[in-house]
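Contents: one structure, followed by commentary.
The values are calculated or read from the model by the stated rules, or taken from the named source; none is laboratory data. Keep in mind that this is a model prediction, so the values were computed, not measured. All Cβ positions, glycine included, derive from the backbone under ideal geometry; neighbour counts span all protein chains shown. Keep in mind that these areas ignore ligands, DNA and RNA; they rest on the heavy atoms of the full protein, side chains included. Shrake-Rupley method; radii C 1.70, N 1.55, O 1.52, S 1.80 Å.
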Amino acid sequence: MALAVLSLAQLMDILDSTIVNIALPSAQRDLGFPADYRQWVLTGYALAFGSLLLLGGRLSDFFGRKRLFLIGVGGFAVASAFGGAAWDFTTLLAARIAQGAFAAMLAPAALSLLSVTFADDAKERGRAFGIFGAISGAGGALGLLLGGVLTQGLSWRWCLYVNLIIAAVAFAGGMAFLRDGDRPERVRPDIAGTVTVVLGLIGIVYGLGTAETHGWNDIRTLGPVIAGIALIAVFVLIERRTKHPLLPLRVILDRVRGAAYLSLGISGIGMFAVFLFLTYYLENTLGFTPLQTGVAFLPMIGSVMVGAVFSGAVLLPRIGPRPLVPAGCVLSAIGMAILTGIHADSSYAGAVLPALLVAGIGFGLIFGPVQNAATSGVRPHDAGVASALVTTAQQIGGSIGTAVFSSLATTATTKYLSTQPTTITEATLAGYHLVFWIAAAVFLGSATLAALLLRSGPLRLPVDSDAEPAAAK
């Protein structure tokens with residue numbers, strides 16, 4: 001029951017990353033705001049979510065994972081209600097920022113609760129993380145489907161109101177079935193580290209979010225990104241010296257966990273290409289409706305779940321993540337390569353479906369094992385911040401993918417139009433092809449790093465004391 005509650009909350013969080021994309025055009029027409037404001041509905045959420053994740057993870061360690069989970073679920077529901085009832089752009093943006101802030105409490109608390117709940121049995125832990133990873137990998141595609149159903153059948157507002165139903169069930173289930181475990185003594189908070197990392201992550205996410213609008217050479221893009229990277233470097237120096245750091249460096253310096261975070265970040269970059277550019281292709285080139293586009297992603301949802309659950313429950317406890325994650329990345333790369341064959345007259349069954357099935361299995365082999373590895377062998381009072389880093393890696397990876405791929409696709413399309421006689425459709429497809437080739441290369445790079453850095457053999461279970469596990473030294 002605890003697994004069901006945590007998976008439901010994770011689903012709500014992941015759904016929101018794509019369901020609002022489908023609702024945006026309708027929301028713009030209804031509320032009457034300019035087209036260039038639309039990106040801020042997405043960027044506002046990403047800024048709050050990405051910048052506050054580490055703080056949310058540490059708060060769950062210090063003040064209780066169950067408490068932060070319930071606050072996150074309840075706050076997310078209230079913010080969703082305000083967003084659904086929005087009467088102008090400012091209200092909608094404020095609601096999205098609030099959603100991001102409460103999601104930053106919810107996401108790490110849920111993953112750390114999963115880690116400490118399934119800490120004693122490697123097989124059960126693998127099965128639990130397989131299911132949780134399936135939700136993480138397939139939730140975005142499910143959001144496209146649900147967004148299409150709700151926007152066409154009811155209203156764009158229900159893309160936000162639906163969270164009230166999910167949150168009510170998750171909150172009641174959390175109260176009944178979740179157990180917090182012991183909490184360490186409260187210590188003086190790391191104020192300097194918190195301020196530095198929050199500002200650094202805001203700078204990076206904000207700068208990357210404006211790259212498509214302003215270009216990579218614009219100071220409005222480069223300035224925030226450079227300042228953010230510099231602040232992250234200062235943050236690392238602070239964490240090395242403070243007595244009670246926000247992010248103990250032992251969490252990321254462990255070889256397995258460090259490789260897991262790196263794999264998640266790089267895979268997040270590649271995954272972006274599937275959801276965004278394949279959605280563009282299905283709707284703008286093949287003429288699918290939002291609902292048909294969502295249905296088109298269903299086979300991938302099924303293959304993600306099969307890959308994640310099978311790898312987590314059967315393979316991971318026996319062989320560990322080292323063979324699984326590289327294999328998943330290679331399959332994902334093959335899926336991206338298949339998508340480079342799409343054309344204006346291609347059929348869904350012949351050109352898109354095979355890629356979705358192959359990439360879906362690959363995503364399933366990546367997410368369950370990597371999320372498990374990212375919280376393996378961690379001290380109990382570091383579980384929250386270790387879990388927060390999982391989502392932070394995905395968030396930063398997605399932001400990089402959004403900025404880089406959108407910019408590359410636009411540049412390639414423009415260049416194709418200027419160098420040869422062609423149609424807009426053919427030039428646009430040339431941009432898509434470039435994106436999918438680069439995404440394939442990104443996944444192959446992730447496969448190489450995972451194969452080199454991950455250890456062979458089964459994962460360590462989380463340690464149950466403050467003693468550093470011998471295998472981590």
Legend entry - Scan of region 19-32 for residues that are surrounded by fewer than 24 Cβ atoms within 10 Å (Cβ to Cβ) and of a type outside the set (Gly, Ala, Ser), ordered by number: Val20, Asn21, Leu24, Pro25, Gln28, Arg29, Asp30, Leu31
Inset, instruction - Sort out for me the helices (runs of 4 or more DSSP H) sitting completely within region 123-228 that have 1 or more residues that are in contact with a helix residue (DSSP H, G or I) (Cβ under 8 Å, 6 or more places away or on another chain) and at pLDDT 85 or above. - result: 158-177, 191-209
Legend entry - The listed residue being over 30 Å from Glu283 (Cβ atoms), crowded, with 24+ Cβ neighbours inside 10 Å and either modelled with pLDDT of 80 or more or under 20 Å from the mean Cα position of the chain (by Cα) (or both), out of Ala374, Ala359: Ala374
Inset, instruction - Identify, from the list Ser376, Ser387, Ser399, Ser418, the residue that is part of a loop (DSSP other than H, G, I, E, B) and either within 21 Å of Gly57 (Cβ to Cβ) or free of Cβ contacts under 8 Å to residues at least 24 places away in the same chain (or both). - result: Ser376
Legend entry - Hey, Thr91 closer than 22 Å to Val162 by Cα, among the polar types (S, T, N, Q) and surrounded by fewer than 18 Cβ atoms within 10 Å (Cβ to Cβ) or not: yes
Inset, instruction - Please verify whether region 380-393 includes one or more residues that are open to solvent by 10 Å² or more (accessible area, probe 1.4 Å), within 30 Å of Gly64 (Cβ to Cβ) and over 20 Å from the mean Cα position of the chain (by Cα). - result: yes
Legend entry - Condition broken by Leu31, with the remaining ones in (1) touching a residue at least 60 places away in the same chain (Cβ under 8 Å); (2) more than 23 Å from Ser112 (Cβ to Cβ); (3) touching a Lys or Arg at 6+ places or on another chain (Cβ under 8 Å) satisfied: (3)
Inset, instruction - Spot the failing condition for Gly350; the list is (1) in contact with a helix residue (DSSP H, G or I) (Cβ under 9 Å, 6 or more places away or on another chain); (2) assigned to a helix (DSSP H, G or I); (3) open to solvent by 20 Å² or more (accessible area, probe 1.4 Å), and only one is missed. - result: (1)
Legend entry - Hey, Pro369 part of a helix (DSSP H, G or I) and open to solvent by 10 Å² or more (accessible area, probe 1.4 Å) or not: no
Inset, instruction - Enumerate the pairs (first residue in region 224-252 and within 22 Å of Ser376 (Cα to Cα); second residue anywhere and open to solvent by 40 Å² or more (accessible area, probe 1.4 Å) and hydroxyl-bearing (Ser, Thr, Tyr)) with beta-carbon separation below 9 Å, excluding pairs fewer than 6 apart on the same chain, so at least 6 apart or on different chains. - result: none
Inset, instruction - Determine whether Val41 is β-branched (Val, Ile, Thr), in contact with a Phe, Trp or Tyr (Cβ under 7 Å, 6 or more places away or on another chain) and either open to solvent by less than 20 Å² (accessible area, probe 1.4 Å) or under 20 Å from Thr289 (Cβ atoms) (or both). - result: no
